Amino acid sequence: MGKAILYDTTRCIGCRLCEAACAERWGLPYDERIAGEEQLSEHKLTTVVTHGERFTRRLCMHCLEPTCVSVCPVAALQKTSLGPVIYDETRCIGCRYCMLACPFQVPAYEWSRRLPRVKKCDMCYERQLAGQATACSEICPTGASVTGERDELIAEARRRIAESPNGYYDHIYGLEEVGGTSVLVLAAVPIEQLGMNHRLPHEPLPILTWRVLSLVPDIVAVGTVLLGGVWWITHRRDEVAASEHAEKEKQKR
């Protein structure tokens, strides 16, 4: 099943240590100004967002069947068997299709660089290859973010909901959304109240895309027949009109 992150918003205290750990892991700047930016960017690959007295994190969801991977024309993005969706900047041509395709609006672009790259969380791929937890999970003081096998984290999420039905909204975000993700989220309230997209299909988006594209040959074929029919009718009408005109001229003589 691969690795995953379980993020429990009910345990998050908004300390932003995950942000700092992520910035250190990537060698990115981090100060009070950046900490106050509650949005993903080229210098902030995870962010804590405040919703009154509640907090939530935004980061790449690492879809099981990522749309960003399916639209990349040069295979700069790849879904690994371990779980993370990783990015190879040496392949990237800067088309930004991944940014347009992502249902979670995650990939960021280095607009200020002469040779810009796409930036996104890679779920600490190198650390996980070495058997370590993600930087954000390792530093979290409350266990709001934990790393583990996806199936085991699903079981843990279900256990928490069952043991505290009044403490959790009965839904594991990322279990089925867009075919499932490698980041799972628990909350005490419906996820849309925390600013997350809840109007997502359960079917992987690449499958929906290919289903539509598979209709294109039929549409083209039907369109060709229809256009051919219109041309034939129009041409035949002109032929009949010309024939009738010739017949009238013949009768006049």
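The numbers here are math on the coordinates, done by the rules we state, and not lab data. Keep in mind it's a predicted model, so treat the numbers as computed, not measured. For neighbour counting, all protein chains shown are included, and Cβ atoms are generated from backbone atoms with ideal geometry for every residue, glycine included.
Miscellaneous remarks
- A cut-off of 5 Å between modelled amide H atoms, ignoring neighbours fewer than 5 places along the same chain, links Cys121 with Cys60.
- ³J(HN,Hα), Karplus 6.51/-1.76/1.60, whole Hz, each residue of region 26-42, x for Gly, Pro: 9, x, 9, x, 8, 8, 4, 5, 5, 4, x, 7, 9, 8, 6, 7, 5
- Each 5 Å bin from 0 upward holds the following percent of the Cα-Cα pairs of region 59-140: 3, 15, 25, 24, 17, 11, 4, 0.
- For Lys3, a cut-off of 13 angstrom between C-alpha atoms picks up these aspartates and glutamates, skipping any fewer than 8 places away in its own chain: Asp122, Glu126, Glu149, Asp151, Glu152.
- Residue among Phe55, Ala23, Thr10 farthest towards the positive dipole end of region 1-62, charges placed on Cβ: Thr10
- Taken along its principal axes, the alpha carbon cloud of region 1-134 reaches lengths of 42, 38, 27 Å, longest axis first.
- Given their separation in residues at 0.36 nm each and the Cα-Cα distance between them, Arg158 and Cys95 gain 18.7 nm when the chain is fully extended.
- Between the amide H of Ser145 and those of Asp8, distances stay under 5 Å, these residues lying 5 or more places away or on another chain, with hydrogens modeled in the peptide plane.
- Amide H to amide H, with H built 1.01 Å from N, Ser41 comes under 5 Å of no residue 5 or more places away or on another chain.
- ³J(HN,Hα) computed for each position of region 105-115 - Karplus, 6.51 cos²θ - 1.76 cosθ + 1.60, integer Hz, glycine/proline x: 6, 9, x, 10, 10, 7, 4, 8, 8, 5, 10
- Applying the criteria of a DSSP loop state and at most 10 other Cβ atoms within 10 Å to the chymotrypsin sites (Phe, Trp or Tyr not before Pro) of region 55-158 yields Trp111.
- Simple label model, 7 Å out from Cα along Cβ direction - Arg33 to Asp151, nm: 4.9 nm
- Cα-centred dipole magnitude for region 3-204, charges only on beta-carbon of K, R (+1) and D, E (-1), debye, nearest 20: 440 debye
- Under Karplus coefficients 6.51, -1.76 and 1.60, residue-wise ³J(HN,Hα) of region 165-173 in Hz, glycine/proline x: x, 7, x, 10, 6, 6, 7, 9, 6
- If only the Cβ of Lys and Arg carry +1 and only the Cβ of Asp and Glu carry -1, the dipole of region 1-65 around its Cα centre is close to 200 debye.
- For region 88-213: rounded, prolate or oblate by the Cα gyration tensor [a/c cutoff 1.5]: oblate
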